[in-house]
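The values are calculated or read from the model by the stated rules, or taken from the named source; none is laboratory data. Note that the structure is a prediction, hence the values are computed from the model and not measured. Neighbour counts run over all protein chains shown; Cβ positions are idealised from the backbone, glycine included.
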Amino acid sequence: MSTIAPRRVCINGQIWQSPFKVFLPSYTPPRSSRSFATTTDDLTPPKPRTRPTSFADKLNAGPAFSDFVWGDDAPLKPSEAYELKTALVGPKGKKKEITRLPSWLKTPIPDGSSYKKIKNDLRGLNLHTVCEEARCPNISDCWGGGNKAAATATIMLMGDTCTRGCRFCSVKTSKAPQPLDPHEPEHTAEALSRWGLGYVVLTSVDRDDLADGGAHHFAETVRKIKSKAPSILVECLTSDYAGDLAMVKVVATSGLDVYAHNIETVEALTPQVRDRRATFRQSLSVLKAAKEAKPDLITKTSIMLGLGETEEQLWHALRELRKNDVDVVTFGQYMRPTKRHMPVHEYVTPDVFETWRVRALDLGFLYVASGPLVRSSYKAGEAFIENVLKKRSAGRAETVNAEIAGDIKVDASTI
């Protein structure tokens with residue numbers, strides 16, 4: 001007696017026969033119906049299914065919009081407005097008091113076509129920037145310029161890994177970084193000529209693993225840039241080359257326009273802030289050697305505030321800089337990159353930054369940039385082209401005109 005295989009029914013109701021067949025539900029054509037082409041007026045439109053809204057008397061009698069905009073209270077004093085705000089965060093029983101970031105230190109999220117283009121060019125040419133590696137808060141402002149001429153970026157040469165470990169810096173550290181890229185000078189020059197910038201800043205990590213500290217690599221990059229775009233003004237923010245002043249001379253005579261090296265903080269705090277291989281006196285010797293190698297070269301340094309420095313210590317640092325003929329100094333607020341780095345001692349108010357700008361100018365500095373968000377290379381093109389390099393070129397033009405006028409007078413007396 002043969003057995004009958006059970007029939008299986010598919011999801012759509014059809015009898016299952018083979019896994020290689022696809023069953024579709026049966027299609028029944030709708031019955032045709034005829035209607036008028038126009039509607040009649042007696043048909044009532046459907047009512048929308050919305051809940052009725054009404055204002056409570058409490059809201060109607062409450063404050064108006066103008067009450068939030070205008071108030072009877074007098075405006076806060078600057079000292080009160082700049083006062084640090086604190087907040088308690090964390091689970092119950094383990095709350096910690098933290099200092100909230102002041103409003104003048106908050107920056108927008110990076111975005112925009114200029115920012116995206118610069119980032120794509122950097123990744124395509126395998127280049128690094130200190131803007132990204134050091135987590136600079138001004139990356140949105142600098143990279144997000146309205147056009148290429150307004151945007152600035154600081155190229156970081158010789159890789160993204162430093163051989164030193166300063167307590168304020170978030171750049172990666174290692175005793176044996178990757179070897180130098182021999183094509184980096186050419187790629188850097190190509191990227192900068194493509195962007196069409198008028199002022200560029202080159203910096204680098206410390207490479208104590210190299211015999212020359214990377215000085216020749218730095219100088220070759222400057223020469224490549226000048227050959228591709230002679231009109232570009234180049235600033236080099238270098239390391240101290242472990243005190244080898246011969247390497248400082250190599251970079252200073254490479255054709256750059258501004259030689260920068262940061263002392264970072266006052267002399268008393270240097271051992272706690274910087275790597276043990278970097279000293280205050282060694283940095284001063286680097287700036288002095290660069291000026292001696294090329295007397296008309298502009299030398300520049302930067303100081304972070306908010307690390308616990310005193311006024312007396314800051315005065316001492318500025319006087320030492322002037323003794324070594326440093327032309328430009330910038331003041332900026334130290335901002336803690338991560339919890340692994342040294343904490344912020346205080347948030348310096350904009351009024352204090354302005355005070356130190358005036359004091360530095362009174363000491364004889366050629367130009368001073370001072371503000372909470374000012375960094376060594378922040379808005380470099382605007383600051384230097386308008387305030388330093390143009391002034392110097394104008395002074396040379398006046399000297400030339402005076403010499404020409406003197407020659408004309410001498411020639412007239414001989415007639």
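Which residue is modelled with the lowest pLDDT, if the candidates are limited to region 330-385 and must be assigned to a loop (DSSP other than H, G, I, E, B), among the hydroxyl-bearing types (Ser, Thr, Tyr) and within 12 Å of Ile303 (Cβ to Cβ)? So that I can check it myself, show each step before the final result.
Filtering region 330-385 down to residues assigned to a loop (DSSP other than H, G, I, E, B) leaves 334-349, 363-366, 371-379.
Still in the list and also among the hydroxyl-bearing types (Ser, Thr, Tyr): 334, 338, 347, 349, 376-378.
Those still in the list that are within 12 Å of Ile303 (Cβ to Cβ) too: 334, 376.
Details: Tyr334: 89, Ser376: 66.
Result: Ser376.
Test of understanding: among Val222, Val248, Val234, which residue is in contact with a helix residue (DSSP H, G or I) (Cβ under 6 Å, 6 or more places away or on another chain), more than 17 Å from Asn324 (Cβ to Cβ), of a type in the set (A, V, I, L, M) and in contact (Cβ under 8 Å) with a residue 24 or more places away in the chain? Outline the logic, then answer.
Values: Val222 fails: in contact with a helix residue (DSSP H, G or I) (Cβ under 6 Å, 6 or more places away or on another chain); Val248 fails: more than 17 Å from Asn324 (Cβ to Cβ).
Val234 is the lone residue from the list that is in contact with a helix residue (DSSP H, G or I) (Cβ under 6 Å, 6 or more places away or on another chain), more than 17 Å from Asn324 (Cβ to Cβ), of a type in the set (A, V, I, L, M) and in contact (Cβ under 8 Å) with a residue 24 or more places away in the chain.
May I ask you to verify whether Glu312 is outside any helix (DSSP H, G or I) and either modelled with pLDDT of 95 or more or out of contact with any His (no Cβ under 6 Å at 6 or more places or on another chain) (or both)?
Numbers: outside any helix (DSSP H, G or I): no; either modelled with pLDDT of 95 or more or out of contact with any His (no Cβ under 6 Å at 6 or more places or on another chain) (or both): yes.
Answer is no for this residue.
Listed here are the residues, each with its yes/no results for (1) of a type in the set (Lys, Arg); (2) farther than 21 Å from Lys300 by Cβ.
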site: Thr188; (1), (2): no, no
site: Ala191; (1), (2): no, yes
site: Arg194; (1), (2): yes, yes
site: Val200; (1), (2): no, no
site: Arg207; (1), (2): yes, yes
site: Ala211; (1), (2): no, yes
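Cβ contacts < 8 Å: first residue under 14 Å from Lys224 (Cα atoms), restricted to region 192-209; second residue polar (S, T, N, Q) and modelled with pLDDT of 85 or more, any location; separation 6+ or different chain. Result?
Qualifying pairs under 8 Å: Leu202/Thr188; Leu202/Thr221.
If you scan region 192-213, which residues turn out to be under 24 Å from the mean Cα position of the chain (by Cα) and under 16 Å from Gly159 (Cβ atoms)? Quick ask: steps written out before the conclusion?
Narrowing region 192-213 to residues under 24 Å from the mean Cα position of the chain (by Cα): 192-207.
Result: Leu202, Thr203, Ser204, Val205, Asp206, Arg207.
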